[in-house]
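These notes are about the structure you will find just below.
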Amino acid sequence: MQRETPSRQAETPVSGERSRAEILKLKKQESDPEGSPAAPTKRVQCQSFLVEINELASVAEPAGFQGAELPADSDGSVLPDDSLCGAPHPSQPSVSPEWKQWSQDSHPQDRELRSRIKAKAKSLKLKRNDMNWSAEMVNNLVEKLMEYLKENKEEPYFRDVTKLTTGSYYELVKTYNPDEFDVMLILPTPRITWTEVCGFSGLFYRVSVCRPPRSPLKDFLLEDGLTISAVRILKDMRNLIKKFMRTYKVSVPGWHWSLERQNPGCPAITLSLLNNKAEVDISLDLVPALEIPSCQGWPEATKKGLKIEDWLGKKSRRAYTSQTFYFVPKKPKGRGLSEEAKESWRISFSHIEKQMIKNHGSNKTCCETHATTCYRKMCLRLLKCLIQSLKERHPTELSHLCSYHGKTAFLHSLCRRCLDSHWRGRLDRCFMQLLDDFIAHVEKADLPHFFISKCNLFSPRSFPKRSLELLREELLEQRRLGLTVFQLPCAQEEPALIPAPPAPQQALSNTLLFGILLLLGAFLAAVASLLLQGPV
């Protein structure tokens, strides 16, 4: 009994692809010895020619003919139109339904906005020469300072200091120029206890030793003999660095480091690299910090924070929470603080933030190659740039706004869109979604601290309502206008020493070229029709 094979229904491709498949099938039949003759007929050649003309006319549209870049696959072929609309390419891993729904929402399709974001992102990249220069200046200073602290005889407690690099430069999210560096000066501590300062949602603590120490730490205790004074440590560290700066000289002539005035409530000791014109080129923040051993665990306020199980996994969370954390000498903002609050320490997890941003992928291979590159870090750079631009517009009203607000919103966004495929495709879509998340936090006046969930960084005590309302209006306006703050200024050409030759006359305009193509297509179609009327 002869077995009937079921007919296989082919998928319905695009019209252009269908015609091309039919032509290939006809050519295959002609080359088959059991079928028609191997040499293709004139009719087949004319059909193939007409298909190519139709494809050419369908592509050469006035809107897309003005230099629009089409994405290319790994083999160099142009991707279908779905890739322009944000749909995932078949070679990419499958994405969640939420991502598909998000990609179909009313996010901006404006090419001007897309090119504006792309150009702004390109301008934020650091130059290699600037990075080498800045790193050399900072590393030389920090190395000499560490040697000075280890050999000083005035403050024995600072001899065991170690350094820990933090901040946006070492997180690889610095924008424009490598001109800001942050280094923590880690001070060892014995077993200590901490008490949460009331009214600050687990962000500030009073730090005390368990028993009176015999080490040089005893010189920095308050009258009770147990509480570690944040004011004394910051003051004595600053005086010691001030003496060091009198002896240190920059190896490059024409430059010198200067100690800036202490900003009230700031835990950093700021040094600035100046030239002969007193112009600041590099700013270095040195922050003394108490290291809390990992065996003591984290404070109770952090138990419900660090929600990274869906993003980085439960093992990563356990690995992070088993690390040490730090206290920096920073008191709360405001007037009328109690004596307990004036000597308080702020908890810091900057080292863990640095690790998470550097190892940000849900898969370990994220950003290892060009094929696995995502837009997470670039989106954070763009958000920091937007925040800085708004602060420059309203320096007084938005003085409470800082890049840490954007960084916190960014970490929360990573936990909500945890797959690597959520941060690939198109940069403008990824960033606009991050911007919408930040706007949502501003509108709700709710931005939980990433490690301490009960601490709201947008609470009225931390961020005034008027400033928050202004921030909301500015963000919505930029969202509506298409991020005009990202508009790059027109480059002004410097006068050349040798006059340049006159520029040649510009080529045919796109409209004229489009008309020529249409005429050429009509002519070729007429020739093809005449060939079809001839003998086959």
Which members of the range 385-427 meet the condition of being of a type outside the set (G, A, S), open to solvent by 10 Å² or more (accessible area, probe 1.4 Å) and closer than 24 Å to T369 by Cβ?
R417, C418, L419, H422, R424, R426, L427
Looking only at the range 444-459, decide whether some residue is over 27 Å from M356 (Cβ atoms) and of a type outside the set (V, I, T).
no
Could you look through the range 120-141, keep only residues that are free of Cβ contacts under 8 Å to residues at least 60 places away in the same chain and open to solvent by less than 50 Å² (accessible area, probe 1.4 Å), and pick out the one that is farthest from I186 (Cα to Cα)?
L126
Among the residues of the range 280-301, which ones are open to solvent by less than 20 Å² (accessible area, probe 1.4 Å) and over 25 Å from the mean Cα position of the chain (by Cα)?
P288, A289, L290, I292, P299, A301
From (1) of a type outside the set (S, T, N, Q); (2) touching a helix residue (DSSP H, G or I) at 6+ places or on another chain (Cβ under 8 Å); (3) more than 18 Å from C455 (Cβ to Cβ); (4) in a helix (DSSP H, G or I), pick out the condition that doesn't hold for L411.
(3)
Quickly run through the range 153-181 and pick out the residues that are more than 18 Å from the chain's Cα centre (by Cα) and either outside any loop (DSSP other than H, G, I, E, B) or surrounded by fewer than 14 Cβ atoms within 10 Å (Cβ to Cβ) (or both).
K153, E154, P156, Y157, F158, R159, D160, T162, K163, L164, T165
Would you check which residues across the range 455-487 are polar (S, T, N, Q), open to solvent by less than 70 Å² (accessible area, probe 1.4 Å) and part of a loop (DSSP other than H, G, I, E, B) and list them?
S459, S462
For C430, only one of the following conditions fails: (1) open to solvent by less than 10 Å² (accessible area, probe 1.4 Å); (2) more than 17 Å from W311 (Cα to Cα); (3) outside any loop (DSSP other than H, G, I, E, B). What is its number?
(2)
So, of the residues in the range 212-241 that are closer than 24 Å to T270 by Cα and of a type in the set (D, E, K, R), which turns out to be nearest to the chain's Cα centre (by Cα)?
R238
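Here's the yes/no breakdown for (1) assigned to a loop (DSSP other than H, G, I, E, B); (2) within 24 Å of the chain's Cα centre (by Cα):
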site: Y326; (1), (2): no, no
site: M356; (1), (2): no, yes
site: E368; (1), (2): yes, yes
site: C379; (1), (2): no, yes
Filtered residue count, the range 183-211, keeping only those that are assigned to a strand (DSSP E or B), under 34 Å from the mean Cα position of the chain (by Cα), farther than 22 Å from I241 by Cβ and of a type outside the set (D, E, K, R):
2
Residues in the range 218-229: is at least one touching a Lys or Arg at 6+ places or on another chain (Cβ under 7 Å) and either small (G, A, S) or touching a residue at least 24 places away in the same chain (Cβ under 8 Å) (or both)?
yes
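The values are calculated or read from the model by the stated rules, or taken from the named source; none is laboratory data. These numbers come from a predicted model, not from an experiment. Reconstructed Cβ throughout: ideal geometry from the backbone, glycine too, with neighbour counts over all protein chains shown. Side chains included, ligands, DNA and RNA excluded: accessible areas come from the protein's heavy atoms. Shrake-Rupley method; radii C 1.70, N 1.55, O 1.52, S 1.80 Å.
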